[in-house]
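Asks: This is the structure, below, for whatever I ask next.
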Amino acid sequence: MWSALVLSFAVVFVAELGDKSQLMAMTFALRYRWWVVLSGILAATTAVHLVSVAVGHYLGLAIPTSAMAVVGGLAFLFFGLWTLRGDSLDEDEQGKAARVTRSAFLAVLSAFFLAELGDKTMLATITLAADNDWAGVWVGSTVGMVAADALAIVLGAVLGRHLPENAIRLAAAALFFGFGAWMLGEGLFPGSPVGPVAGGATFALALAVVAGRALLRRRAEARPVPVPSDSAER
């Protein structure tokens, strides 16, 4: 149970870094007390992840472990691509976070419950519960999400909206690629060290690639734009 708890905590915590849920948590915290926001997040996460581990647990009983590891690895690679795409609040979600309601707790609970249905953290919890202890995955994933959103609330209060979201998002994507390669290695070559080696190498490579792209983009943005001369205008 403890290994499943620690693994699910790490995976979900990483999944929440730079995610839409963190943006919503920071927005709610600007209007409501921090403990009300955290309570609503905890209640919503507990309910959503209970459904997730139930689905994953019974799904895992019908699928061989090695096949489930391969499916999980592909899922985490997809999570990495999803994270690279980035998240933003649409107009409806911004309205939910900004509107004053009769019950702040119910407002936060309903918004997070709806936002997490079908989100990548829910899919990650289903994947983990299919091959690990369901109780550990439930507790670990719930605590991981609440911890990540609590961090967002604290950082939002201290730093305002000037957070390095892009850097956090890229690092989270690199970690997902590492998780995916690790699980694929364990599924394709069970009992061998291929999984951890592939995971570490993929994480390092992905981190180097995203860091290089970010550096090139920053240099391109900092490059001065040429101003047409008077002769060219004539």
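The values are calculated or read from the model by the stated rules, or taken from the named source; none is laboratory data. What you are looking at is a predicted structure, and each value in this text was computed from that prediction instead of being measured. Please note: Cβ atoms are built from the backbone with ideal geometry, for glycine as well, and neighbour counts cover all protein chains shown. These accessible areas exclude ligands, DNA and RNA; they are computed on the full protein's heavy atoms, side chains included. Shrake-Rupley method; radii C 1.70, N 1.55, O 1.52, S 1.80 Å.
Asks: So between Leu114 and Arg219, what do we pick up on full extension, going 0.36 nm a residue minus the alpha carbon distance? Spell out each step's value before the answer.
Replies: Details: separation 105, 0.36 × 105 = 37.80 nm, distance 3.93 nm.
Working it through step by step, the gained length comes to 33.9 nm.
Asks: A further question follows. Order of 182-192, 138-148, 205-215 by packing, highest average Cβ count within 10 Å first?
Replies: Ranking, from highest mean packing down: 138-148, 182-192, 205-215.
Asks: Keeping every protein chain in place, order Phe176, Phe105 by accessible area at 1.4 Å, biggest value first, i.e. largest first.
Replies: Phe105, Phe176
Asks: Once the whole set of protein chains is in place, how much accessible area is left on Met1, using a 1.4 Å probe, in Å² to the nearest 10?
Replies: 110 Å²
Asks: How high is the FRET efficiency from Val154 to Phe105, r the C-beta distance, R0 25 Å, rounded to 0.05?
Replies: 0.80
Asks: Right, here's the next one. Convert each backbone phi in the stretch 44-55 into a coupling constant with the Karplus relation 6.51 cos²θ - 1.76 cosθ + 1.60 (shift: θ = phi - 60°), then list the ³J(HN,Hα) values in order as whole Hz, x for Gly and Pro.
Replies: Running phi through 6.51 cos²θ - 1.76 cosθ + 1.60 with θ = phi - 60° gives 5, 5, 4, 5, 5, 6, 5, 4, 5, 5, 5, 4 Hz.
Asks: Which residues does a label at Ala10 reach in the stretch 187-224, if reach means a backbone N under 20 Å from a point 7 Å past the Cα toward the Cβ?
Replies: 187-208
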